[in-house]
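Quick notes on the structure that follows.
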Amino acid sequence: MISIEQKQNEIVETFRLLEDWMDQYTYLVETAQSVAVSEAVRCDANRIRECQSEAWIDIRCNDGKINLAVDSDSLLVKGMLLLLVRILDGEPLATVCSAELDFIETTELYQNVPPARITGLRSAVSKIRGVARQAAVKKNRNGLKK
């Protein structure tokens, strides 16, 4: 299995190859357009409130792993959220909780994307980690009861 660090490195390398911000922007938009999402993701419980756009993240924990689905009314935001999905989807809960996610800084997204959109992306990371922590605690409690 490829590590979170390796997944981030692949994303960083892609952004380095796309030196120009407009090429990076196009990449994020095309990524967003290529992924269909169920309308069920777009519910109030999944809304990322700190995001300037309408954005949603469905976070599920199955068999000790995190499963993610995202959507947004902004293709740029959806593309950025899909980077998170690429990095974290299917990862063990403990790994998600402790992962050093530095791709936002390393790709220099923060320099080209409005701060409110970066705040939304960071909020999504916090939401994912919070759900992962709760699920890990619950899993550990259930494991102790058996």
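Things to note:
- Relative contact order of the stretch 19-97, defined on C-alpha pairs under 8 angstrom at six or more residues apart (%): 28
- Using alpha-carbon coordinates, inclination of helix 21-33 to the longest axis of the chain, degrees: 50
- Rel. contact order, % - alpha carbon contacts under 8 angstrom, at least six apart, the chain: 26
- On Cα atoms only, tilt of 4-17 relative to the major axis of the chain in degrees: 10
- Peptides 42-48, 116-122, ordered by how many other C-beta atoms sit within 10 Å of their residues on average, highest first, read 116-122, 42-48.
- Under conditions of 10 °C and 1.306 mPa s, the chain yields 101 µm² s⁻¹ as its translational diffusion coefficient, taking Rh as the Kirkwood radius over Cα pairs in the Stokes-Einstein equation.
- Computed over the stretch 1-55, the convex hull of the alpha-carbon atoms projects to a mean area of 5.7 nm².
- Projected label distance in nm at ASN140 and ARG122, using a 7 Å step from Cα toward the beta-carbon: 2.7
- Charge dipole of the chain about the Cα centre (unit charges at C-beta), most positive-ward option of GLN52, LEU83, ALA136: ALA136
- Only helical runs count toward this figure. For the chain, summing -39,500 (n - 2.57) over DSSP H runs of n ≥ 4 and dividing by all residues gives -18500 deg cm²/dmol at 222 nm.
- Volume per residue of the C-alpha convex hull in the stretch 27-82, rounded to whole Å³: 87
- Principal-axis tilt of helix 75-88 within the chain, Cα atoms, nearest 10 degrees: 40
- Lys, Arg +1 and Asp, Glu -1 on Cβ, resulting dipole of the stretch 4-145 about Cα centre, debye, nearest 20: 1060
- DSSP loop GluC sites (Glu not before Pro) with at most 11 other Cβ within 10 Å: longest gap in the chain: 20-99
- A Gaussian network model of the chain, with springs between Cα atoms under 10 Å, assigns the largest mean-square fluctuation among LEU109, LEU93, LEU81 to LEU109.
Bear in mind that the values in this text are calculations on the coordinates, not laboratory data. Please read all numbers here as calculations on a predicted model, not as lab measurements. A quick note on method: Cβ atoms are made from the backbone with ideal geometry, for glycine too, and the neighbour counts reach across all protein chains shown.
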